Amino acid sequence: MGSRTESPLPYIWGNIQGWIQIVWGIAVGLLALVSLYRGLSTFKMRIALLGSALLYLLTGIGILRKRSYSLVLVFICMILTVVMYYQVLFLLPSRSELLPVARALYWILSFFYYFRRRRDLKPGW
């Protein structure tokens with residue numbers, strides 16, 4: 001019998017999430033620039049928005065290029081999201097919403113997806 005060649009698993013979710021992160025990063029960056037231009041937010045908020053935009057852009061690029069650093073960035077996004085929404089869900093119970101839970105689940109499930117596929121990720125930029 002002939003030998004079976006193992007074809008790589010499709011990377012559909014990686015492509016979708018990579019583009020989502022890039023679009024989201026650009027949107028957050030534009031929001032930061034608008035808030036800077038109009039003076040609508042504090043200095044700390046603008047720095048947080050710009051940092052988030054950069055993190056999302058780098059994560060999206062890393063995911064699309066199948067780089068190993070993207071797993072680390074997804075882990076960072078997961079931890080930051082869980083910590084940030086822990087405050088919303090438990091410290092401010094009157095503001096409990098489904099969106100924080102959905103965002104936390106998005107990053108948790110994404111982390112496990114890329115962790116499972118870590119052998120497919122390449123080193124470098």
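Keeping all protein chains in place, calculate the accessible area per residue for region 40-84 (probe 1.4 angstrom), answer in Å².
Using a 1.4 Å probe on heavy atoms only, each residue of region 40-84 averages 55 Å².
Treat each spin label as a single point 7 Å out from the Cα along the C-beta direction, and report the F112 to L80 distance in nm.
2.3
I need the peptides 15-23, 115-123 ranked by packing, meaning the mean over residues of other C-beta atoms within 10 angstrom, with the highest value on top.
Those peptides, ordered most packed to least, come out 15-23, 115-123.
In whole Hz and in residue order, list the ³J(HN,Hα) couplings for region 115-125 that follow from phi through the Karplus curve 6.51 cos²θ - 1.76 cosθ + 1.60, θ = phi - 60°; x for Gly and Pro.
5, 5, 9, 4, 6, 7, 7, 9, x, x, 9
Quickly work out the L36-to-V72 label distance, labels modelled 7 Å from Cα along the C-beta direction, and quote it in nm with one decimal.
Here the answer is 2.6 nm between the modelled labels.
Note the full-extension length gain between V23 and L98 as 0.36 nm times their separation in residues minus their Cα-Cα distance, in nm to one decimal.
Once the chain is fully extended between V23 and L98, it gains 24.8 nm.
The values are calculated or read from the model by the stated rules, or taken from the named source; none is laboratory data. Every value quoted in this text rests on a predicted model; they were computed, and no experiment measured them. Cβ: placed from backbone, ideal geometry, glycine included. Neighbour counts: every protein chain shown. Only protein heavy atoms, including side chains, enter the accessible area calculation; ligands, DNA and RNA are left aside. Shrake-Rupley method; radii C 1.70, N 1.55, O 1.52, S 1.80 Å.
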